[in-house]
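The values are calculated or read from the model by the stated rules, or taken from the named source; none is laboratory data. Owing to the predicted nature of the structure, the values given are computational and were not obtained by experimental measurement. Cβ atoms come from the backbone with ideal geometry, glycine included; neighbour counts cover every protein chain shown. Surface areas here come from the heavy atoms of the whole protein model, side chains and all, with no ligands, DNA or RNA. Shrake-Rupley method; radii C 1.70, N 1.55, O 1.52, S 1.80 Å.
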Amino acid sequence: MSSKSGLRRLIDDTIGKQILEEHRRRGSHAACFYCQERIESLGPFILPPIPDNKFIDVIPEGTEMDGVNLTEKEHQDAYEAEVIVYRGLKEIDTNSIVIHQLDYTHEQYSAFIPEHLCNKKKCKKGPRELEGECDFIVIRDKFVAVLEVKGLSLQSKESDTIKFEGCCDSAATQRKRMRDLVKSIDPSVMVYEFTVFPNISMDELEERYLYDETILFSEDLENMGLIIDCCEKFLPLPISTADFKTVRDKLCCSLLGLWCINQKNEWKLSDCSLSKSIKDIDEKLKRAQVTRQSVEEAELKQG
């Protein structure tokens, strides 16, 4: 087995391990550390403690939905869809770690998968270029669940089917990247994958789309806890307590560290805190960034 790269050691053994130790030390209060008050939490440990709004403003009512305005509306719908899923995942078992918006660069992805195809030929991607992202990843004792969220709303048009299938295809690509990354941490771990459409109900689609158990609709969001629990029931083989604790620790260190590190390979433990999340949202609201431009893009231009 090849040794870890320096970047991989930073992610796993420094950042991720520190976050995991903080989580265990504070127990049920881990999600709100650095806050003035310690609030008892009965839900899972979620990072960030509140959703990060990347598109602050809402499209005014009566705005004609075409061109740039349509793109803005799609961005806002996508964010609101993620918030719906975020709330649903807050109801799952307490023995879970949920990571929201796990982004990783090309360099960070390659640190986990050194046999990555681009390493075998001249690659056009920059090391700090965004390689992929995962909307939600749920870490449990015996498995990992990967969820990609799509904010698509159907308009009763002929193009609805094309858009829906396009969303399924793009989600499958992101899911595969994340599955490969998780498997690189420990090949034995079971990975369940889902694409979630919070704005689409089952009766809006043809019956043939309803047989795919990896696609979830608005009706499924009320049963997120049951859906995640069922993943554990269908594990192919029994896993010993010692084995799953070791695997879980490896997954937690790698994925928590990957979430906390930024594109410049810098990190701060305070990024995990509720107070930091609230402060960031407050500052973005005060700057009144518009949906046409993500907050991150605006910050780069201002800098």
Odd one out for residue 155, checked against (1) part of a helix (DSSP H, G or I); (2) open to solvent by 70 Å² or more (accessible area, probe 1.4 Å); (3) not hydroxyl-bearing (Ser, Thr, Tyr): (1)
One residue from 255, 226 being at pLDDT 85 or above, assigned to a helix (DSSP H, G or I) and buried (at least 16 other Cβ atoms within 10 Å of the Cβ): 255
Looking only at the range 1-44, count every residue that is open to solvent by 50 Å² or more (accessible area, probe 1.4 Å) and either modelled with pLDDT under 60 or of a type in the set (Val, Ile, Thr) (or both) and tell me the total. 10
Among residues of the range 162-173 being free of Cβ contacts under 8 Å to residues at least 40 places away in the same chain and farther than 23 Å from residue 228 by Cα, the residue surrounded by the most Cβ atoms within 10 Å (Cβ to Cβ) is 163
Scope the range 73-104; condition at pLDDT 90 or above and acidic (Asp, Glu); matching residues: 103
Conditions: (1) touching a residue at least 24 places away in the same chain (Cβ under 8 Å); (2) assigned to a helix (DSSP H, G or I); (3) surrounded by fewer than 19 Cβ atoms within 10 Å (Cβ to Cβ); (4) not β-branched (Val, Ile, Thr). Residue 176 meets all but one. Number of the miss? (1)
For the range 192-199, indicate whether the set of residues that are surrounded by fewer than 19 Cβ atoms within 10 Å (Cβ to Cβ) and touching a Phe, Trp or Tyr at 6+ places or on another chain (Cβ under 7 Å) is non-empty. no
Of (1) modelled with pLDDT under 90; (2) under 17 Å from residue 142 (Cβ atoms), residue 159 satisfies all except one. Which? (2)
What residue, among those in the range 207-219 that are under 13 Å from residue 147 (Cα atoms) and surrounded by fewer than 18 Cβ atoms within 10 Å (Cβ to Cβ), is farthest from the chain's Cα centre (by Cα)? 213
Give the range 172-197 a look and list any residue that's farther than 17 Å from residue 248 by Cβ and touching a Ser or Thr at 6+ places or on another chain (Cβ under 6 Å), or say none. 193, 194
Under 30 Å from residue 4 (Cα atoms), touching a helix residue (DSSP H, G or I) at 6+ places or on another chain (Cβ under 9 Å) and β-branched (Val, Ile, Thr) - does that describe any residue in the range 78-93? no
When the range 120-152 is checked residue by residue, the ones that are open to solvent by 20 Å² or more (accessible area, probe 1.4 Å), under 27 Å from residue 80 (Cα atoms) and not in a strand (DSSP E or B) are 129, 150, 152
